[in-house]
1. Between TYR22 and TRP43, with labels modelled 7 Å along Cα→Cβ, what's the label distance in nm to one decimal, could you check?
2. On a 27 Å Cα-Cα criterion, which of the cross-link pairs LYS73/LYS136; LYS41/LYS72; LYS44/LYS72 come out too long?
3. Can you tell me the mean projection area, over all orientations, of the convex hull of the chain's alpha carbons? Units nm², please.
4. GLU117 to TYR54: extension gain in nm, 0.36 nm per residue of separation minus the Cα-Cα distance?
5. Take the Cα radius of gyration of the stretch 1-76 and divide it by 2.2 N^0.38 Å, with N its residue count; two decimals is plenty.
6. Using alpha carbons only, what's the Rg to Rh ratio of the stretch 87-141 with Rh from Kirkwood?
7. Once amide H atoms are placed 1.01 Å from N in the peptide plane, what residues at a sequence separation of 5 or more from MET13, or on another chain, have their amide H within under 5 Å of its amide H?
Amino acid sequence: MTDEEFSEAIIAMTDALYRVCYSQLPQGCDREDAIQESLSKAWKKRHSLRDERYLQTWIVRILLNVCHDIRKKRELEHPADELPERNAPDDADFELHQALFALDKTLRLPVVLHYVEGFSIREVARILRCPQGTVKSRMSRGRQELRKMLSGKAEG
């Protein structure tokens with residue numbers, strides 16, 4: 001089977017793969033991830049398929065294994081309402097701690113990495129895999145949000 005024939009066969013069975021995946025996973029994002037990962041695995045191992053007649057069966061089996069792995073991973077995750085509340089350390093400023101964790105993760109992470117953990121802007125950019133300018137702008141927006149939250153509490 002040539003690469004082109006393999007691709008055409010995959011395209012022909014896409015609807016079936018989505019239906020199988022729909023029966024296995026409730027969330028659309030998980031279904032899309034499962035199909036993408038399954039097709040990636042199948043493409044990488046396409047030369048190991050011994051009999052082309054079993055292509056669809058082989059890919060569906062890969063898909064079911066990936067769906068199983070995703071379901072297993074989801075079972076290990078805890079819903080947010082079941083997680084213990086994040087308490088400020090005894091020596092921390094409670095209001096600052098609450099405000100910091102009220103920030104969106106994209107703004108909070110650079111602020112914490114730089115101001116709390118002591119990483120340089122360059123190091124934070126490497127950790128987050130984004131340009132230094134992005135880190136600086138996120139930190140600036142994070143500081144602005146913190147100022148708003150903390151000044152609002154001081155006034156109220």
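1. 2.4 nm
2. Numbers: LYS73/LYS136 34 Å; LYS41/LYS72 19 Å; LYS44/LYS72 24 Å.
The pairs that break the limit, which is 27 Å between Cα atoms, are LYS73/LYS136.
3. On the way: hull surface 56.4 nm².
Projected area, direction-averaged: 14.1 nm².
4. Gain in length upon complete extension: 17.3 nm.
5. Numbers: Rg = 12.4 Å, N = 76, 2.2 N^0.38 = 11.4 Å.
Compared with the compact-globule rule of thumb, the stretch 1-76 sits at 1.09.
6. 1.01
7. none
Every number in this text was worked out from the coordinates using simple rules, so none of it is lab data. It should be emphasised that the depicted structure is a prediction, and the values quoted were computed from it without experimental measurement. FYI the Cβ positions are ideal-geometry reconstructions off the backbone, even for glycines, and counts take in every protein chain you see.
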